[in-house]
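These notes are about the structure you will find just below.
The values are calculated or read from the model by the stated rules, or taken from the named source; none is laboratory data. None of the values given here were measured: they were computed from a predicted structure. All Cβ positions, glycine included, derive from the backbone under ideal geometry; neighbour counts span all protein chains shown. Side chains included, ligands, DNA and RNA excluded: accessible areas come from the protein's heavy atoms. Shrake-Rupley method; radii C 1.70, N 1.55, O 1.52, S 1.80 Å.
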Amino acid sequence: MIVADFRFSWDSDINISINRNKLKSIGGSTAIVGYGQWTDVVERSVPGESLFNFYGYKTDGVYKDFNDILNSPVNTLQKNNPIVTDADGKKHWSTDPTKYSRTNTTFVGDVKYKDINGDGVIDEKDKTNIGSPLPKWTFGWNNTFRYKQFDLNFFFNGNVGNKVGNYMKMKLTHMNSAWTNQLKDVKDRAILAPVNGVYSAYWSNDISNVYVTNPTTTMPRATINDPNDNDAWSDRYIEDGSYIRLKSITLGYTFSPQLLRKIGVSSLRLSLNATNLFTITGYDGYDPEVGLSTASANVYGLDNGRYPSPTTFAFGMNLSF
């Protein structure tokens, strides 16, 4: 007669948390401002809104050619830009190509910022909420399997619907120094070429004779001076921070009491544990699990060089005599 041993069990626990919040008031102030480093405003908490909203500019790719600049809102973030003011006070780009310089003014290949308030100019008034670092919901899933003397436990956690501010990407894609390492993202920067196809000695100085060969890129041209303020805090650095992570997995084996009695031991369990084994995410930085800033209580979800969660392995032994 064959007797099957089906001593198997599975325990599973799931928890889900939903986060909804609104700042009621802050003692008469209009906003709580959070800084990335020094004067870089990255977040703003305003009464009537959720906490810690990322605050900056929205972008619309890069200027593809001179005509694209002329038909776009005037960028007043750069004081050297050639701007013409009409009698009615409305500002326009100058149509004279000689007024533009690839080193001192907005140029083809620079970031195109969106005119949020519709006044025809790009300035501080066009800053707006560009995403929330707070997840819409978080979850955890814990499972324990047991079969005879073996046990296996694994725990997944994650969150959905939050944004992460990739502050390191802002600093490492600026392309404003020949001595600073850059991320591989800069390989997709705007590449300029002459409209007439002639690469003369000074072809790139004539704004009317250059265009972007990869017009769908969102990475601006390389320029030491950055006259367009391409690295202004914007939605270029705001990424989806949703993730699911295998936070912990443990495999254990408990020896049978009958066997242990022969060697004078009452209990013995061996285990092998691994933490942060893998993470599934669309975030481009080291680790999407950022949380509250260690530098400012007014900043959440900003990756300004946070050390990533390490993968660890551990062997354990529980022994009783």
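Criterion first (hydroxyl-bearing (Ser, Thr, Tyr) and either free of Cβ contacts under 8 Å to residues at least 60 places away in the same chain or within 23 Å of residue 184 (Cα to Cα) (or both)) does residue 271 satisfy it?
Yes, satisfied.
Out of the residues in the range 271-321 meeting the condition of being farther than 26 Å from residue 252 by Cβ and among the polar types (S, T, N, Q), tell me which one is most open to solvent (accessible area, probe 1.4 Å).
294
Residue by residue through the range 4-46, note down the ones that are open to solvent by 70 Å² or more (accessible area, probe 1.4 Å), in a strand (DSSP E or B), more than 20 Å from residue 136 (Cβ to Cβ) and among the hydrophobic types (A, V, I, L, M, F, W, C).
Initially, the range 4-46 is screened for residues open to solvent by 70 Å² or more (accessible area, probe 1.4 Å), giving 6-8, 10-11, 13-16, 18, 20, 22, 24-25, 27-28, 30, 35, 38-39.
Going one step further and asking which of them are in a strand (DSSP E or B), we end up with 8, 10-11, 13-16, 18, 35.
Still in the list and also more than 20 Å from residue 136 (Cβ to Cβ): 8, 10-11, 13, 35.
8, 10 - these are the residues of the range 4-46 that are open to solvent by 70 Å² or more (accessible area, probe 1.4 Å), in a strand (DSSP E or B), more than 20 Å from residue 136 (Cβ to Cβ) and among the hydrophobic types (A, V, I, L, M, F, W, C).
Restricting to the range 106-135, give me the number of residues that are over 22 Å from the mean Cα position of the chain (by Cα) and crowded, with 17+ Cβ neighbours inside 10 Å.
Number of matching residues: 7.
Take residue 289 and decide whether it is closer than 25 Å to residue 32 by Cα, part of a strand (DSSP E or B) and in contact with a strand residue (DSSP E or B) (Cβ under 9 Å, 6 or more places away or on another chain).
no
So residue 261 fits all but one of (1) under 30 Å from residue 183 (Cβ atoms); (2) modelled with pLDDT under 85; what number is the exception?
Result: residue 261 passes all but (1).
Pairs please, first residue from the range 15-32 and in contact (Cβ under 8 Å) with a residue 40 or more places away in the chain, second anywhere and open to solvent by less than 80 Å² (accessible area, probe 1.4 Å) and outside any strand (DSSP E or B), Cβ atoms under 7 Å, 6+ apart in sequence or on different chains.
19/134; 19/135; 21/50; 21/51; 32/26; 32/298
Which condition breaks for residue 149 when tested against (1) open to solvent by 50 Å² or more (accessible area, probe 1.4 Å); (2) modelled with pLDDT of 95 or more; (3) more than 27 Å from the chain's Cα centre (by Cα)?
For residue 149, the failing item is (2).
From the residues in the range 64-105 that are among the basic types (Lys, Arg) and not in a loop (DSSP other than H, G, I, E, B), which one is least open to solvent (accessible area, probe 1.4 Å)?
Of everything passing the filter in the range 64-105, 91 is least open to solvent (accessible area, probe 1.4 Å).
Residue by residue through the range 47-63, note down the ones that are open to solvent by less than 30 Å² (accessible area, probe 1.4 Å) and either modelled with pLDDT under 95 or farther than 30 Å from residue 19 by Cβ (or both).
Residues satisfying the conditions are 61, 62, 63.
Consider the range 136-146. How many of its residues are under 21 Å from the mean Cα position of the chain (by Cα) and either of a type in the set (Ser, Thr, Tyr) or open to solvent by less than 30 Å² (accessible area, probe 1.4 Å) (or both)?
The number of residues fulfilling the criteria is 1.
Taking the range 223-264, which residues are open to solvent by 60 Å² or more (accessible area, probe 1.4 Å), among the aliphatic types (A, V, I, L, M) and under 20 Å from residue 172 (Cβ atoms)?
224
Going by the conditions given, is residue 197 at positive phi and either without any contact (Cβ under 8 Å) to a residue 40 or more places away in the chain or of a type in the set (Phe, Trp, Tyr) (or both)?
yes
So which of 9, 25, 45, 17 is within 16 Å of residue 131 (Cα to Cα) and of a type in the set (S, T, N, Q)?
45
Suppose we keep only residues that are open to solvent by 70 Å² or more (accessible area, probe 1.4 Å) and of a type in the set (Phe, Trp, Tyr) within the range 159-200. Which one would you say is modelled with the lowest pLDDT?
Only one residue fits best here, namely 179.
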